[in-house]
Amino acid sequence: MTTAVADVAPAAELPARPARPPISWRTAWPFLAIHALPLLAIVTGVHLRDVILLVVLYWTRLLCITAGYHRYFAHRTYRLNRFWQFLLAFGGTTAVQRGPLWWAAHHRRHHQHSDDPDDIHSPRDGFWWSHIGWVLSGAYGETDYDRIRDFASFPELRFLNRFDWIGPWALGTACWLWGGWSALIVGFFGSTILLSHGTFTVNSLAHRIGRRRYETSDTSRNSWIVALIAGGEGWHNNHHHYQSAARQGFRWWELDITFYVLVMLSWIGIVHDLRPVPKRRLPAGAVAVPATQARTATTWAPAATSDELTWRVWRCCTLSDGQSVPQPDTRLTSPSPPQTAAPARRNPRGRC
Ligand SMILES: [Zn+2]
Ligand SMILES: [Zn+2]
């Protein structure tokens, strides 16, 4: 049974937020132009195989984003060897959502600053800003390597991150060679648009609609509709409550396609060490870090203080319960060991 809890703080208590940059038409036009391309289906026609391709490309690329960019690169909720890590990263680039290091670093910032003034896609700046405005502004194109040092130590990931256009161009070309113009227009571009908005709903709708089971210090919510669209990512309040678990649907009835796929991949030895949700984190209404959350939620402290507090929350919830953070399987790693090969860290206190 879901127990809804109140939102974190009345809007009247919140300080004014910084003005967000306007849309940069110079950088936004290619993404906007892609939205018009499916209209060319009037010319190319639509075949059954194009629709099948659209569905296949939506779900395979969605899983590269949800299981790869999000649950692996941003949160390290399971372990892969270096080959599969690279393949997942390359698959993610085909979704036209930039490189894995850029994506994961921005997402770690979202969790560190959820809905505070340094969260770059908070719905507190407006629904459309959180959904797509921050992308179209062109103001956040740089990769913050300090936030993703663990994976930035792999040169092949830095390569994919820098040349993130290779994946989309390769996939688009393959679609054209396989099925002609209609496959490119409907299968590739059609699924790319749907996939973009499908994943953007996690930033926008999953912070606006649905119920709040846990008293997190942000506006995250559990939404069935987003869970269906985004492969289980709609259980966003669960995820903000405990972000280190491979699953986001905490109850048996909370459909989490991404997690089911990860479990199946673990059966055949591709995925290792799926991190569970500790039992003590499951009860509805539980507060992960009461003292810290209360301070951030009710006072919305100045940025410096908020930075320190939210970072402590992130570290605490990531390294809590005595679990080690999963490290990439180094059996296939390069001769020079990356930082991630260092001994697993543990929360010295073992609690929040
Ligand atoms: Zn996350
Ligand atoms: Zn969120």
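The chymotrypsin sites (Phe, Trp or Tyr not before Pro) found in segment 230-289 that occupy coil by DSSP, while having at most 14 further C-beta atoms within 10 Å, are W252, W253.
Basic side chains Lys and Arg get +1 at the Cβ, acidic Asp and Glu get -1 at the Cβ, and with that the dipole of segment 84-182 about its Cα centre reaches some 280 debye.
Report the calculated FRET efficiency for S266 and V55 (r = Cβ-Cβ distance, R0 = 30 Å), to the nearest 0.05. So the FRET efficiency works out to roughly 0.75.
Every number here is computed from the coordinates shown, using simple stated rules; none is lab data. Since the model is a prediction, treat every value here as computed from it, not as a measurement. Note that we place each Cβ from the backbone using ideal geometry, even for glycine, and neighbour counts take in every protein chain shown.
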